[in-house]
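Laboratory data are not the source of any read-out in this text; all were calculated from the coordinates shown. None of these values were measured; they are calculated from a predicted model. Counting neighbours? That spans all protein chains shown, and the Cβs are built from the backbone with ideal geometry, glycine included.
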Amino acid sequence: MFEPTDTPRLFALPPGVDFPAELIRGLTDRMAGQSPLAMAQVDLVVNTRRMARRLRDLFDTGPARLLPRISLVTDVVETWLPGALPPSAPPLRRRLELAQLVAQLIKAQPDLAARHSVYDLADSLAGLLDEMQGEGVSAETIRTLDVTDMSGHWARAQSFIGIVETYLDEQSGQLDPQARQRRAVQTLIEQWATTPPEHPVILAGSTGSRGTTHMLIDAVARLPQGAIVLPGFDFDQPGGIWADMSDARVSEDHPQFRFSPILQGLDLQPGDVRRWTNSPPASEPRNRLVSLALRPAPFTDAWLAEGPALTDLDAATQDMTLVEAADPRAEAICIALRLRQAAEDGETAALITPDRMLTRRVAAALDRWGIVPDDSAGLPLHLSPPGRFLRHVAQLATERLTAERLVTLLKHPLTHTGADRGPHNLYTRDTELRLRRHGPPFPDRASLSGWIADDKVKIPPSWIDWVCDHICAQPASGTRPLAEWVDWLRHAAEAIARGTAPDGSGTLWERNAGQSALQVVETLAEQAAHGGDMTASEFHDLLEALLRGEEVRDRDAPHPNILIWGTLEARVQGAGLLILGGLNEGTWPESPSPDPWLNRRMRHAAGLLLPERQIGLSAHDFQQAIAAPQVWLTRPKRSDDAETVPSRWLNRLKNLLGGIPGAGRDALAAMQARGDHWLALADASEAVTPVAPAPRPAPRPPVNARPRKLSVTEIKRLIRDPFAIYAKHVLGLKPLDPLIREPDALLRGIVIHEALEDFIRASVLQPEILTRETFLNTCREVLDTHVPWPVARQLWLARLAQVADDFLRAEQVRQRRARPAQFEPKGELALTPLDFTINGKADRIDIDEVGQLHIFDYKTGRAPTVKQQALFDKQLLIEAAMAEQGGFAALGHARVARATFLGLGGQYHEVDAPLEDTPAATVLDELRGLIGAYLTAEQGFTARLMLQSIQDIGDYDHLARYGEWDLSDPAVPEDLT
């Protein structure tokens, strides 16, 4: 296939060509005239499985012929040395073993790191171990590094890096994947030194960015029939720049840097690199432009000399579009519109970006037109239905079950899929409504089992028992062996998934996502013996990390021509239009991950990879992608309410073009104009027909539909927000109670009212218990019964302790003046001649020696002032009027001597109702006037009529469309029928 030569064979293809197609073309041309069997003797080694699949697909298009042996760089043992090395250790086993070592170290030295960071530190150490083995760096090399001026950090880092050395020493029989790969390459090189293969061996598509791969490239290039084919080699870069690109600390972020060590290792010059085929790139002028724009930083002065010599800038940029959108949403919509156009024209188009949030936005925008892009990355497993389901189940053991988490799990589409899914959904709805209305906030077996005896509950006992057995039954606290946790998770998940069916696991393990989730669980079970003991929270974190590390493609019929790729895929596949999205610093290129162990200088000294390596690889991907036939370059100008910084490569391209008077600036302006055209289309697609804001409502329903009964406490709402009365009593709407119960002011008032009632009721028979100790003990007992939040219990009890002494002194005075007679008595009074009834309930009514009544109302917040009571909050005034009119049947007609609010907020205070200024007759006359007005057809129920504060929030503000109008707008009456 190749002519004999004393120099290594190094070929390359420039950016802008379809690398797999040209690789086959060059191979076919060189095999022309040879026996058909010759092709089957060729070993074609590529760097990714995706590349291998694309090559096979291209061969399958014809003509019929024998294929070369296609293998991966990572399959050296399977391809060349079958059976020579033991299988590599499973990565999960290594992770679990490292986690155990880290946990032991943290236990011995708690100041080194937090206990919850064990698995993060283990992952980081596993990454360092991979790198050390891939680059051939020993632990001894790192231990002997010069750490002058870094003693504090280095002492801590050495403790953890010592774990790596311990792990390497203790390994028995099995090698890590990177160590196995390196040993396999070394063994293969030793064999080739004496018995090299005589058939063609071609390694194609790799940049040699890892040390082991670089060794293999060097060995293959020196074989008698060996050759290397580099992707995206810049033939336009001057030789002088190649010569100065040897220092990794200066040039490793350059797209062509990875080829420099290959050239040096093979003792070749850039001019010795030959083209694999003579097929031209999509745009040679663009390749020259991009090559100049991406020169290493020390050589950007060449822009001044070489920039004006670029005379074909129109040809270079005529198929380039620059989109600089206002925000990420505008960018996504603009991209989606262009992809839609490609779909309509039958054009193959691909979005290339490392920003997964951008791909999700674009996919959501495309959904408007029923276009499902073929996303090569798929969906992270932890976000898939089975992944979420497993995380919900694992969370059952980490903390107390809340109503929200119970309903979330019951509503999951994989719950109860074994049989009777329809009735399950009905019971779940009823359960949610009951939990919202009645609680408890923390459902358990006792509370749910109590529903079985409640006649109002229409849920079958068998379903409630299933919920109690499998969702409410939580494992014991403390640590357990990992194997037990995995076994519990699988059994619990399958039991919840199958529901009340006798066996099976429902649809939990079905489809791609379910099978991937099952594989994660089974792999974890296989390696559980190496995981040691852990808490439920640690197991949950481990499971989530494992699920997060997997991706699953479970799409239905994606569009064949609308694609979403990662940055690496631009090397492998071709498309007529490539959209390079998210071109901002921190996104593309991504910011280097922080290294908790070694700084940049120490990495360089040890021979490890520098942080800029990943930036250099991303730069190479960018240089290849931008050379496509048609290219879009997109970025948002703002993100998260902050200005973004353009990607360094885009910035260089714009600066170079903008610095070339005439043609350069015109070309840049044309690129931006094409982008502005699509941005205008995106704005037009988002435009909506203006809708006039809703007016401030004042509905006027028929008189016969208006309420004929209100409670005492609702009179305040009728005065301040009449629309709320209309919504509740005319429309029959009630606010849905929150599922996530919180210890709010309403609950505090209910609980403290009960505590005060119990305490005062007991004190009537035993006056001696009017002590601080008894009062607080009573409050503590009621709080323990009704408030399941420990922090809230302590805070509320502390507030009661602050007011206890003042309250008790005042209570002794009250009981000397009058005797408590009624607790929460119900009253009712008909307002004649109106057909209307007022009802209510007083917190407490005392009777003195002459038969006069003393009415008290407890307030756990600030009691209303006298002025507020006179104008708005008429609760006590109306209760007093009801009492004097015989509204409380058990008390008869009696004069009210006093009506008082007892404030038990931050401090104890009393506020008397202005009974002398507003006697009962006046209160009733005013009440008749107020009610009578709302029983006339002309009176509307105005929204937010006289609220105390503009910040007050009403239950029906959303129904009144508050926000489309404000309090300065006049109400617009509307007659209803």
Calculated FRET efficiency for the pair SER711/ALA937, C-beta based, R₀ 35 Å, to 0.05: 0.90
Starting from the Cα of THR28, step 7 Å toward the Cβ, then list every residue of segment 56-84 with an amide N under 11 Å from that point. 58-65
Whichever aspartates and glutamates have a C-alpha closer than 12 Å to that of LYS867, once near sequence neighbours (fewer than 8 apart) are set aside: ASP912, ASP917
Using a Förster distance of 45 angstrom, determine the FRET efficiency expected from the C-beta separation of THR195 and HIS116, and round it to 0.05. 0.25
Based on other C-beta atoms within 10 Å, arrange HIS559, HIS470, HIS116 from fewest to most. HIS116, HIS559, HIS470
Lysines within cross-link reach of LYS637: Cα-Cα under 28 Å, excluding same-chain residues under 8 positions apart? LYS654
Among TRP565, TRP488, rank each residue by its count of other Cβ atoms within 10 Å, from fewest to most, as a rough exposure measure. TRP488, TRP565
According to a simple spin-label model (label point 7 Å from Cα along Cα-to-Cβ), what is the distance in nm between LEU871 and THR311? 8.6 nm
Cα-centred dipole magnitude for the chain, charges only on beta-carbon of K, R (+1) and D, E (-1), debye, nearest 20: 1120 debye
Given (1) 1.01; (2) 0.98; (3) 1.09 as possible values of Rg/Rh (Cα atoms, Kirkwood Rh), the one from the coordinates is (3)
Rounded to the nearest 0.05, what FRET efficiency do SER447 and GLU585 have when you use their Cβ-Cβ distance and R0 = 51 Å? 0.40
Relative exposure of GLU306, GLU643, judged by other C-beta atoms within 10 Å (fewest first): GLU643, GLU306
Subset of LYS709/LYS734; LYS734/LYS826; LYS411/LYS728; LYS456/LYS841; LYS709/LYS826; LYS709/LYS874 violating a 20 Å alpha-carbon distance limit: LYS734/LYS826; LYS411/LYS728; LYS456/LYS841
When you count, for each residue, the other Cβ atoms within 10 Å and take the mean per peptide, how do 371-380, 586-595, 320-329, 16-25 rank with the highest first? 16-25, 320-329, 371-380, 586-595
Extending each Cα 7 Å along its Cβ direction at ILE953 and GLN815, get the distance between those two points in nm, one decimal. 4.1 nm
Please compute the length gained on full extension between THR7 and ALA762, using 0.36 nm multiplied by the number of residues separating them and subtracting their Cα-Cα distance. 261.4 nm
